[in-house]
Amino acid sequence: MRAIPYRVLALFVVTGLAGCSSEIPVRNTDRSSGGSSGGRDTGVADTGATDSGATDSGATDTGTADTGTTDTGTADTGTADTGVVDSWPASWTRLEADVLAGVNAARARGANCDSEGVFGPAPALSLNPILVGTARAMSKDMGARNFFDHTDPDGLDPFQRMEAAGYNGGAMGENIAAGYATGAEVVAGWLTSDGHCRNIMDPDFGVIGIGYASVPGSDYTHYWTQNFGDR
């Protein structure tokens, strides 16, 4: 029997030309304790938070192939058959690699996530191909359909998207952001937000999928998704 899932929500707002706003869902279905801690659905926090230090120039990545072409075309709908989105522009893949490097650097040194606690060093995350696919599809979909939320316009939440793509983990989480032009900027932004920071530092997570998409003409141009899992 699956344990009752829990979700942790937060709101992160960046001022300036571009911005990001995010609730942070986390679900754990099989911790060794037998399930949810019961007290972690805290509603919406940090509603007034601003990251005034974000270097968010609003610049677009004009050198990328902004069509977001995939081998099956599924990324445009926010779904991915197998969880793997191929034919991703090389410049987008490099930005995703920058995020992975920044995340693993943070995990290597530990971090103070304020209200979510102090985290010591944790093992590096490795890429999971299914989660890469769901993260890329989500980022592309947010830009293509011009929304910014963990629940997509079809009503699917992160866990439903991950499971539909074939991911079968116990612990799952998602971070999203928009408006940041570089991997270093978006990681720094996530680390200054307690709930995003906790997802990045959580030692129960062992794998990650990272998706970046540039969609000119959308509200934020730059879209980022991290999908986390435990295996």
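Quick rundown of the values:
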| read-out | value |
| --- | --- |
| Accessible area in square angstrom per residue, segment 98-231, 1.4 angstrom probe | 31 Å² |
| Span per principal axis, largest first, for the Cα atoms of segment 158-201 (Å) | 31, 20, 12 |
| Carbon plus sulfur fraction of accessible area for segment 185-229, probe 1.4 Å, in percent | 49 percent |
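The values are calculated or read from the model by the stated rules, or taken from the named source; none is laboratory data. What you are looking at is a predicted structure, and each value in this text was computed from that prediction instead of being measured. The accessibility values were calculated without ligands, DNA or RNA, using every heavy atom of the protein model including side chains. Shrake-Rupley method; radii C 1.70, N 1.55, O 1.52, S 1.80 Å.
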